[in-house]
Every structure is written in C-alpha cells, then in structure tokens.
Amino acid sequence: MTAKPIHVVIWLPSDFYSAVVSTLVEMFQLVNDVRGSQVLSCEFVSRTSPAISTAGISFPAKTQPSRKMDVLILIAMPGAEIPELLRSLDEESEHSKPLIALARQQQAIIAAHCGACYPLADTGLLDGKRATISWWLKSHASSRFPQVQWDSSRMLVRDGRLYTCGGGFSGLELAKALLVDLGFSKEERIVRKLLVLPPSRKYQSPYEFPLEELPKETNPLEYKLRGLAENKIREIDLSFLAAGLGMSARTLSRRFASELKTTPGKWIQEKRLELARSLLEGTKLSISEICYRVGYQDVASFSRTFSKTTGMAPGEFRKQIRS
C-alpha cells in the first residue's frame, strides 16, 4: 500500500509576496519530481479564495485544509512601515489562530516565516522557546512577547516542532531545513543544484540597516534621543541624554521603561552597534578604529558584545556583508 504524501498547508494572509510562496511550492514539487512520486502534497488556506498577492497574482485557496496537516507554514505580510504593519499583524493573528490551534491538535510541524512569527508568538506557543523574526520587528516582538527567547540575529531557529525564520527570502532556509528534517536530504541537495540556490545563511544581522521612519511615525522620545546621539555616539551616557532633554536621569530611566520598553544602557548599546555595522560595511576602517569610534575602550569587549548581538565576530560580519 502506497503511503500518503506528507501534507503541507500554507497559510496565505491578506497580503503576501508571491515570489516567496511560489518558491516554496516549486521546491516541494521538485522533490516529487526527483523522487518520481508524490511524497509531498501542498495546498493553500486563506480567508479568501482566491488569495491575491501584493503583485495581484491569484492563488487558489481553501478556507479549511482538505485533510490532516503534517506541516503548517504561516506566510508573512510584507511591509516595513512598522505601526501599520503591527496593526495588520494583530488583525491577521485573530484569523490564523484557529488554524494554528488545529495544527497543534493534529501534532503538525508549525513554521512561521518572517513577520508571521508575530502571530505565532501571539498564540503563546513560543513562550519559553527560542525563536527568530524579521530583524525590523525584533524590538517590537521582544516588547510584546517577553516570554519568548528571541534570537533575531539568526536566519532560522528550530525549537522542537516549531520553526521560525527571519525576513523575506529566509523562506529558502526554512524550506531547506524542513526538507532535510522530513527525510529528504538527498532530494534537497539536488533541488538546491537544480534551482541554483545560494549557500545556506545562518544570520540575518548582516542585512540590518537603520529604518528611517518619519518623525510623525516615530516615538517622540526616540526621535529626540536619536538627535542627541547623532555624531555624539562616543559621548552618550544616561547623564548626557538626560541633560540634553532637560530632565533628571531617574525620570529619563522611567521614560525609557514606559515608552521604549528598554533601558538606557541597552538603547545606547543598540545605537553603538548600529553604527558599528554601518562602518564595517561602508568603510575600510580597522576593527580597532571602529571600536574606538563607537565608544568602546577595548577591542575584546567590543568584539564580545558585537558577537553576542549579531551572532558573528566583526571581521566575519564584514566578510559576509561584502560577499
């Protein structure tokens, strides 16, 4: 008797990139072609049928899976306009929760792509577990879901039967990992060669850059702090920032906690490392010179902090981002 194919359900939100979805399905179909039999079956589930991508491409979709799920993949909603994206993710979360609950009941693998890690976290399934998310949502995810062990420097994180991956085409890493873990490592190697896919990437931190939001879309405190820190990164500390804003250090610390959901020390470190990444990518300055420019006193301390945050040493980061 022929075994049933592993059934993969792909949740399509109200807005999504067709290229990501199509690539996933093409990779799964190629596995069938290489094996000469249907070992994987795929179907789309969405609120609407057909589901329409950002580019206006239609995908046939059902409102419920046609049979038991073995794998559920949650596709992200595109966008880097943070306030609007967060509102859309909150709305999408309510619609995807019943499907996620069904997948859990059916003991399916659940994988979230990019911003879809946000609604997955909203179910509570990631509490106490390691996870990643698209880098531009990391601070918002950490604030909203502090019980999750976020490691947003990683391209892909697997914790048991839960998979999360970073932005955009980290979906490639997700598909490759799923195929290997489902027992198709030989076919996965052939698929990579047939599609001329890039080598596996472990980190998304080299792809980060400062998101220049308009002042009206930025927290007023964050906007003022960025103005004070600009060109003064080596000098900033809590006293410097408090004096610049005309308030006491204690008051500013409270506002950091209530408005930015972080501490002054963490915020300053984030801005220093943000500049360090920019200098590593855009200049030929030595690592020791960059260390000094961003406010660290010794290279060893700078390298440890940089590695802990980005997942790689400064030299390795520079090599990868320029490759």
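The values are calculated or read from the model by the stated rules, or taken from the named source; none is laboratory data. Since this is a predicted model, take the numbers as computed values, not measurements. Glycine also receives a Cβ, built like all others from the backbone with ideal geometry; neighbour counts cover every protein chain displayed. Surface accessibility is based on the protein's heavy atoms, side chains included, excluding ligands, DNA and RNA. Shrake-Rupley method; radii C 1.70, N 1.55, O 1.52, S 1.80 Å.
Annotations for the structure displayed:
- Built amide H within the under 5 Å cut-off of ILE6, gap 5+: LEU40, SER41
- The heavy atoms of ARG322 offer some 120 square angstrom of accessible surface to a 1.4 angstrom probe.
- Using just its DSSP H runs of length 4 or more, each adding -39500 (n - 2.57), the chain gives a mean residue ellipticity at 222 nm of -14000 deg cm²/dmol after division by all residues.
- Largest to smallest accessible area among PHE16, PHE169, PHE240 [probe 1.4 Å]: PHE169, PHE240, PHE16
- Order of exposure, largest accessible area first, which applies to VAL196, VAL299, VAL148 with probe 1.4 Å: VAL196, VAL299, VAL148
- Square roots of five times the Cα gyration tensor eigenvalues for segment 165-281, Å: 43, 15, 12
- Under 9 Å, Cβ to Cβ, from ARG154 - net charge with Lys/Arg +1 and Asp/Glu -1: +1
- Percent of C-alpha pairs per 10 Å bin, the chain, short to long: 5, 24, 30, 22, 13, 5, 1, 0
- Residue among VAL294, PHE59, VAL25 farthest towards the positive dipole end of the chain, charges placed on Cβ: VAL294
- In a simple Cβ point-charge model (Lys, Arg +1; Asp, Glu -1; nothing else charged), segment 123-165 has a dipole of about 80 debye relative to its Cα centre.
- Put GLU187, GLU235 in order of accessible area, highest first, and with a 1.4 Å probe you get GLU235, GLU187.
- Counting only Cα atoms, the size of segment 1-124 along its three principal axes is 52, 32, 22 Å, in decreasing order.
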